[in-house]
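Okay, structure first, notes after.
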Amino acid sequence: MSGNSFGTLYCVTSFGESHGPAYGGVVDGCPPGMALSAADLQKELDRRKPGSSRHVTQRRETDTVEILSGIYEGKTTGAAIGFLIRNEDQRPKDYSAIAEKFRPGHADYTYWQKYGIRDPRGGGRASARETVIRVAAGAIAKKWLQARYGVLVRGYLAELGPQKISFKDWKFIGENPFFAPDPAVVPQLEKFMDELRDSGDSCGARVNVVAQKVPVGWGEPVYGRLDADIASAMMSINAVKGVEIGAGFASITHKGSEHGDEMTPEGFLSNNNGGVLGGISSGQDVTVSIALKPTSSIRLPRRTIDLQGKASTVQTTGRHDPCVGIRATPIAEAMLACVLMDHALRHRAQCGDVTPPNRSI
């Protein structure tokens, strides 16, 4: 199976399965000399780990990270950073009933058709648990971006099923299990999720991510555009079915007179382009929004086929997120951070000594 790595200069590789012994990752390209410890990765991993509330999967994993290489006396050496996160609460027997059937909306069918074999235990490589590696790699990128350029990457839950969530303040996001920026809506979200879980069904979500203080100039103008790489990275997250940069699909109804971000000596007057112009960062906030589909593993019976192509029905028991979007905020943040760090290194390599002819706004 190919396709287990992403990035050009900041390259991330992952391995492991949902109910195997562990997940592992290798980060290649982190510059030397940055102070880094397991605690830096752990604080981000703790934000996405399962079992954190009744509204997510009750699989109990500490997601404790072990750094195996690339660190000496508390600093990065420039060598590949290898790390391991062991699976501690596997229950492969939960999937015995669906080993011969395909879950509608899941990768079961396509994996079987492509490889002729699949790991039914939690979806194997298709499990969203793989994102634990992305979050660890993103923690490294977040720290480097902030230390080197002052870039701050943050996200929040903007919609949970039909529930739209107003943005009030960043400070509220870490105070509830939904990453919601409005504390007033939390009781409503809890009620909705309790009813959804009792029904045996699932729902989708929208997560917004913002990178502040991104310098001008990151990204390439044709292939390797910053926004294209961001979209690709976001679409690689399990269950993501839509990505918007800036105004996104709302641009359809805009007129050029309102969509174009006018400029003054003091700065831009709007940010409909999401901080990227012509594939290159503009110096504004980079804004991204992702849509996550409803979880495929639900308790309700649905029509499907078995491995022989015969009609059947399937019900999924075991421990699953009724809404994968609840824990997606740190994952989306990580992917944006990884792409930004990759482009920061690429820009530094080609254009690090370029001095613009006049000042930026």
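The values are calculated or read from the model by the stated rules, or taken from the named source; none is laboratory data. Bear in mind the structure is a predicted one, so any value in this text is a computation, not a measurement. With ideal geometry, Cβ positions are generated from the backbone for all residues, glycine too; neighbour counts draw on all protein chains shown.
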Exclusive hit being in contact (Cβ under 8 Å) with a residue 40 or more places away in the chain and either under 30 Å from P301 (Cα atoms) or part of a loop (DSSP other than H, G, I, E, B) (or both), set R60, R103: R103
Among residues of the stretch 227-237, those that are in contact with a helix residue (DSSP H, G or I) (Cβ under 6 Å, 6 or more places away or on another chain) and either part of a loop (DSSP other than H, G, I, E, B) or free of Cβ contacts under 8 Å to residues at least 60 places away in the same chain (or both), counted: 1
Qualifying positions in the stretch 124-146 - out of contact with any helix residue (DSSP H, G or I) (no Cβ under 7 Å at 6 or more places or on another chain) and either among the charged types (D, E, K, R) or not in a helix (DSSP H, G or I) (or both): R125, S127, R129, E130
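Check whether at least one residue in the stretch 278-301 is in a helix (DSSP H, G or I), within 30 Å of S96 (Cβ to Cβ) and among the aliphatic types (A, V, I, L, M), and report yes or no. Quick ask: steps written out before the conclusion?
Of the residues in the stretch 278-301, the ones in a helix (DSSP H, G or I) are none.
There is no residue in the stretch 278-301 that is in a helix (DSSP H, G or I), within 30 Å of S96 (Cβ to Cβ) and among the aliphatic types (A, V, I, L, M).
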Some residue of the stretch 6-14 being surrounded by fewer than 16 Cβ atoms within 10 Å (Cβ to Cβ) and either assigned to a strand (DSSP E or B) or out of contact with any helix residue (DSSP H, G or I) (no Cβ under 7 Å at 6 or more places or on another chain) (or both): no
The one condition in (1) at pLDDT below 95; (2) within 27 Å of A211 (Cβ to Cβ); (3) surrounded by fewer than 16 Cβ atoms within 10 Å (Cβ to Cβ) that W112 fails to fulfil: (2)
Tabulated pairs, the stretch 238-266, first at positive phi, second at pLDDT below 95 and outside any loop (DSSP other than H, G, I, E, B), C-beta under 9 angstrom, 6+ apart or interchain: A239/A128; A239/V324; A239/G325
